[in-house]
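Presented below is the structure to which this report refers.
The values are calculated or read from the model by the stated rules, or taken from the named source; none is laboratory data. If you're wondering where the values come from, they're calculated on a predicted model, not measured in any experiment. Don't worry about glycine lacking a Cβ; one is built from the backbone with ideal geometry, like all the others, and counts go over all protein chains shown. Quick note on the areas: whole protein, heavy atoms, side chains included, nothing else; ligands and nucleic acids left out. Shrake-Rupley method; radii C 1.70, N 1.55, O 1.52, S 1.80 Å.
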Amino acid sequence: MTTAAGRRPTGRTAPEEWPEERRRTAERLLASSAKVSFDPLTEVDWASPPVPGRYYSPAHNLSLYGTPLWDALTEEQRIELSKHEVASIASVGIWFEEILMQMLLRHAFDRDPTSAHVQYALTEIADECRHSVMFAKMISWMGVPTYGPGRLSHELGRLFKTISTHSQTFGGTMYVEEILDAFQRELMNDESMQPLTRQVSRIHVIEESRHITYAREELVRAKVGPVRRRYEQLLLGLVVHRSTVGLINPKLYAAVGIDPKVGRKAARNNPHWRATKTQMAAKAIGVLDRAGLVGRTNRWLLRSAGVI
Ligand SMILES: [Fe+2]
Ligand SMILES: [Fe+2]
């Protein structure tokens, strides 16, 4: 039974905010999901081997591109590096998708499940479930380790998915989805890349565009006061920092004979890699900024992550 306000009388007590706007957005996204969704188990050609001589991601988007270390690599090693970097980014994708699934469940838990808004949250969780399996299968297909974002980020993620506020949930989500989207969009559009990484990117880009709309609209609807804003900025700064720095796990440099410490330092000081990250993050940082979520409290973290 639901009340006139659309709330269930038992337990689900969060007041429904912006019911009309939420309904309109969610109905549009649900209709689009019904029309265009993918099952990566059957729609990705997992049986096909990698095409020899093809990069897994465009060379200019790799962390060492433009450095003396890059110049010293053979073509074969550069392709190998592209494989490990795509796998590392995918493993960070899984880390964040698992965080996001829990945050969306927390969002749905307090709200009316008969609303389109909650049904879209549940639909998005189902999408993310399939994406995480898809990324995991891609990592296995590549035959490389599951790098992950590193121990510290893993543990911070454990905390964040439990305590995140509304702005942090949707701000963090929008950021990670936008930055992955930017990398994958280029990959899927480049016909010279490995067909399988292009296929995986295409599925992800199409389904994520709905998630980005959902997160962005939730984010800009919520207004936060000046004191609270500092807290939101700090936590969002941490999410941006950990997820961006974590994209490339330094352990992967060993796969092409580079000492991880040396590789990490070279990437950190690589102006080209910094420019790539800034470009990939520009849209998301713009949205956070307009929502009042970029400021003194987190600008140092964004700078340290190389995204501003
Ligand atoms: Fe996803
Ligand atoms: Fe998503």
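Just a few scattered comments:
- Reachable aspartates and glutamates from LYS251, criterion Cα separation under 14 angstrom, eight or more residues apart if same chain: GLU80, GLU85, ASP259
- Cross-link pairs LYS161/LYS223; LYS83/LYS137; LYS35/LYS83 - those with Cα-Cα distance over 23 Å: LYS35/LYS83
- For the stretch 94-232, the Kirkwood radius over C-alpha pairs fed into Stokes-Einstein at 4 °C and 1.567 mPa s yields D = 80 µm² per second.
- At a probe radius of 1.4 angstrom, the accessible area of the chain per residue rounds to 46 square angstrom.
- Here the 3J(HN,Hα) profile of the stretch 45-50, calculated from phi with Karplus coefficients 6.51, -1.76 and 1.60 at θ = phi - 60°, is 7, 5, 7, 7, x, x Hz, Gly and Pro shown as x.
- Most to least packed among 270-283, 79-92 [average Cβ atoms within 10 Å]: 79-92, 270-283
- Angle of helix 116-142 to the longest C-alpha principal axis of the chain, folded into 0 to 90 degrees and rounded to 10: 20°.
- Separation between Cα centres of the stretch 236-308 and the stretch 19-54, rounded to whole Å: 27 Å
- If a spin label sat at a point 7 angstrom from the Cα of SER304 along the line to its beta carbon, the backbone N atoms of the stretch 224-239 nearer than 19 Å would be those of 230-239.
- Expressed per residue, the C-alpha convex hull volume of the stretch 164-255 stands at 102 Å³.
- Rg followed by Dmax, in Å, when the chain is reduced to its Cα trace: 19.9, 68
- Of the three principal axes defined by the Cα atoms of the stretch 8-114, the extents in descending order read 66, 31, 22 Å.
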